[in-house]
Amino acid sequence: MIAAGVSRGAITTECRSGSTRENAQLSAPILARSEMASATLVTSWYHSRRALASFERACPRIDWKSNPTEPPPTFPGAAFSHHGPAIAQEYAKTVVYALGDLARDIEATDKPTGWCAGEPA
């Protein structure tokens, strides 16, 4: 990003999370303070769907875009490469996250009204 002209001061990282969902949750206060209208997630092509869903859930008022890395030319080529285990894990994690989100939606009585989930209106 710096090579593309983004100043170091404009880059913020969140380094305490242990999962994609936690990364979104811990990033939410940072994003809420900035009151961003839009943001772009940059991650691997096979992780981008779950990452995007996690950040959209954590900060629904932000217009999220995903800019994943370029996938290999064929899915079989990717599945049988060094990416194979990560791709398989990603499908399982996507199902687990979706079920967890559904359970939280069923239990929720208050929807967040702030900029990001957990932030005051």
> For the subset of the range 1-36 comprising residues that are within 18 Å of Asp101 (Cα to Cα) and charged (D, E, K, R), which member is surrounded by the fewest Cβ atoms within 10 Å (Cβ to Cβ)?
Replying inline: Glu22
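Could you please give the count of residues in the range 1-27 that are small (Gly, Ala, Ser), over 11 Å from the mean Cα position of the chain (by Cα) and closer than 19 Å to Asp63 by Cβ?
Here is the first cut: in the range 1-27, the ones small (Gly, Ala, Ser) are 3-5, 7, 9-10, 17-19, 24, 27.
From what's left, over 11 Å from the mean Cα position of the chain (by Cα): 3-5, 7, 9-10, 17-18.
Subsequent filtering for residues that are closer than 19 Å to Asp63 by Cβ retains 10.
Counting residues in the range 1-27 that are small (Gly, Ala, Ser), over 11 Å from the mean Cα position of the chain (by Cα) and closer than 19 Å to Asp63 by Cβ gives 1.
Let's see how each residue does on (1) surrounded by 15 or more Cβ atoms within 10 Å (Cβ to Cβ); (2) under 18 Å from Ser27 (Cβ atoms):
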position: Val42; (1), (2): no, yes
position: Arg50; (1), (2): yes, yes
position: Ser66; (1), (2): yes, yes
position: Leu102; (1), (2): no, no
> Which residues, counting only those in the range 74-121, are modelled with pLDDT of 90 or more and of a type in the set (Asp, Glu)?
Replying inline: Glu90
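The values are calculated or read from the model by the stated rules, or taken from the named source; none is laboratory data. As the structure is a prediction and not an experimental result, all values here were calculated from the model. Here the Cβ is made from the backbone with ideal geometry for all residues, glycine too, and neighbour counts use every protein chain on show.
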